[in-house]
Amino acid sequence: MLSFKEYLLEQADEKHRGTLHSFDVDETLFKTNAKVHVKHGDKHVTSLSNAEYNTHKLKKGHHYDYSEFEDSKKFHDESKPINKMLNKVKSIHKNIEHKPHHKIIINTARSDMNDKNTYLDKFKKHGLPIHDMHVHRAGNDTTGGSVAEKKARVIKKHLEQH
């Protein structure tokens, strides 16, 4: 049986071989304090952190409100950089900058933000070359499945293309 690396090498010839580097936003590049709200109709039931949301079981009749995760100003003003990871992304970018078959993507569970430019400005403010990356918003995926499955589909798409 081939290892994953051997499989990838077998699939691409030397000229077109590259690497994919995928990073999450929340709790990976930035420490965020956005909450997922649980509602029953219009009534607020509780608010969940990222960690709590990951294991939360929604009760019948309840639904999630992700509005804080769509709030660009909240992300821009309140999120704290995780410098070790931001520096890692910058270092990788420097090494692959002029290599067209290598790429860095941001793969977030968030859906579209209410102000794209304010959102991206946060990355720029901390020196991240966001102009050379694409932010994949797995929250826009309506085909079903968990957040992890949606993010995996993004990565699978890139592996199949490159």
Find the residue count for region 113-145, including only residues that are among the polar types (S, T, N, Q) and not in a loop (DSSP other than H, G, I, E, B).
3
Considering region 132-162, residues that are within 12 Å of the chain's Cα centre (by Cα) and small (Gly, Ala, Ser), and then whichever is surrounded by the most Cβ atoms within 10 Å (Cβ to Cβ), we arrive at Ala138
Please work out if Arg110 is in a helix (DSSP H, G or I) and either in contact with an Asp or Glu (Cβ under 8 Å, 6 or more places away or on another chain) or surrounded by 14 or more Cβ atoms within 10 Å (Cβ to Cβ) (or both).
no
Filter result (surrounded by fewer than 12 Cβ atoms within 10 Å (Cβ to Cβ) and closer than 18 Å to Lys124 by Cβ) within region 52-82
Asp77, Lys80
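Each value in this text was obtained by applying a stated rule to the coordinates, not by laboratory testing. Please read all numbers here as calculations on a predicted model, not as lab measurements. Because the Cβ atoms are built from the backbone with ideal geometry, glycine has one as well, and the counts that use them run over all protein chains shown.
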